[in-house]
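Presented below is the structure to which this report refers.
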Amino acid sequence: MFAAGATVANKVSSQDLGPDPPAAALCAALELRLEVHELHDGISKDELRLAERCANAATENAKAWATLGRARSLYGLTDREGKPTQAMEAFKIAYMLDPTHFLEEYTQSLAACAAYERIFQILNSRVKANVVAKDTSQVRLSARIILRWAEAAAIAELETTETIYERLSAWVRQRGEIEVDAPDAEHVSDVEYLLSGLSNRLSSYDLAWSHASRANTIRREQAKERDEAARRDLLARAYLRGATNTMRRLGFSGQPRMASPLLPPRPLGKPLFIVGLERSGSTLLEQMLSMHPEIHGLGETMLFDTLAAPKAECSDGFELNMSSCVLDVNSTIEDASSPALYLEAISELYFDQAGEDAARSTRMPRYLTDKLPLNWRHIPMMHAYYPDVKILVMRRDPRDVLVSQFMASFHGIYGYHALHEDWCAQRIERFAHTMDLWSSLGHHWLDVSYEDLVRDPRRVLGNVLTYLELEWNEDVLRHETSTRTPQTLSRAQVSQALYSKSTGRWRRYARHLPPLDFAPLAAEDEAFCST
């Protein structure tokens, strides 16, 4: 199941190139393999070694170092802080050897490592020149440069909000009318999202909504270019890619591993699911809890979707079909290996993330968090697989959720619902109705209020730790000191001390919001509940 996407790439191997192939041939073959893997799944350790061999064989070849950077990214190498430092170092060498062609990948890797001051230093002179490329091959790079400079300047507070806004606005004016099929269309929409956030900082709320609307319009028009079948295929591939990457990197074949007589048995982690609507505070909660010595934050793994619920087809494109999400509690679980395989997968992921010291240990934290928000759809499956499972459901004022989703730049298929305010409202209503359904069926969890969390974190986290049967630890109140870097839209916010300025934000945009209807369950759902 998990290796299927790799079979095409495996047709090209280092053995095909002979015992001592020229560096150029080695790099070309590896680059082909990485292109295939990037479309399907992650790479193996042998392929990573091949990339190392390629770079070492051609130390002055910028392309070889960039290829190594891509290989390390695809393999998922991170340091103890969750940052892709090794990939960044490879891209740095590529950039130093060829600044023209590898500027984009180097600054992208710096952003993943939260090295915003370095990004600003590299890009500032280019942005001050205020040059918009006219050459088709360069317009995408032009957009990415201005965007990454503005993000770095805003997050690290290296320029005033007014200055960043004016620079971005000047770039948009010089860029001119945007066509949906323009090579930089998606990046122009990202610039509009950033202008929206800057306008919000400047208390220009109508202007902020206008920028977000323009950005979402561009994304919606791009989506129309795909037919329904293509969109569903894109959804399926995107949905599986994160998990298959992890599984392939950890060496899983899709079957439980046999214990090795040469190594001490490793313990299996206990999952702690954190679910809820996107932009409801789940990243903040995970970041705070991961400061506890008995909790390790794995982030958004997608493993439960792929392993534990392979038959729960929960999407018919973009609209959630509740009845197809429901596990028949009277039926047996067909794939009995899935529960154990999931526990083994998250445990391997922990040891992979935690470094060599942890890998030599036979102990791990009591809980490993799995924070994919959309897992709220699979709560019945969680209880079927693990009857004593712990689930935290983030709750936030739905109006604030709607504003935050609509004004956020979701990349990929997952954020499609956020491209229109009415679609955001439908997702929020569906979540509320589905959680009511799960509750009526006897499923249980602990609700965590975002508003209460930022207002009284000691009380809320105390309740959470009691629910988890863990003792209080003061470190959970010092999340801003964490060296862990979440790879979500909220990574900049959760590195700051707690603030409440996002609470009640919807009031500034009230006149733009559609009504939210939390009516009783639809007839078909009521019928299901009565069966």
In nm, to one decimal, how far is the modelled label at Gln174 from the one at His444, with both set 7 Å along Cα→Cβ? 6.2 nm
Could I have the simple spin-label model distance between Glu429 and Asn56, label points 7 Å from Cα toward Cβ, reported in nm to one decimal? 6.1 nm
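Leaving out ligands, DNA and RNA, and with a 1.4 Å probe, what % of the accessible surface on the stretch 179-223 is carbon or sulfur? Don't jump to the answer; show the numbers that get you there.
Values: 740 of 1570 Å².
C and S fraction of accessible area: 47 percent.
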Rounded to the nearest 0.05, what FRET efficiency is calculated for Asn124 and Arg366 with R0 set to 56 Å and r the Cβ-Cβ distance? 0.75
Once you've got the Cα coordinates, tell me which of Lys45/Lys83; Lys83/Lys128; Lys371/Lys501; Lys92/Lys501; Lys63/Lys371; Lys390/Lys501 are over 26 Å apart. Lys83/Lys128; Lys92/Lys501; Lys63/Lys371; Lys390/Lys501
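The values are calculated or read from the model by the stated rules, or taken from the named source; none is laboratory data. In this text, all values refer to a predicted model and were calculated from it rather than measured experimentally. FYI the Cβ positions are ideal-geometry reconstructions off the backbone, even for glycines, and counts take in every protein chain you see. Calculation scope for accessible area: heavy atoms of the full protein, side chains included, ligands and nucleic acids excluded. Shrake-Rupley method; radii C 1.70, N 1.55, O 1.52, S 1.80 Å.
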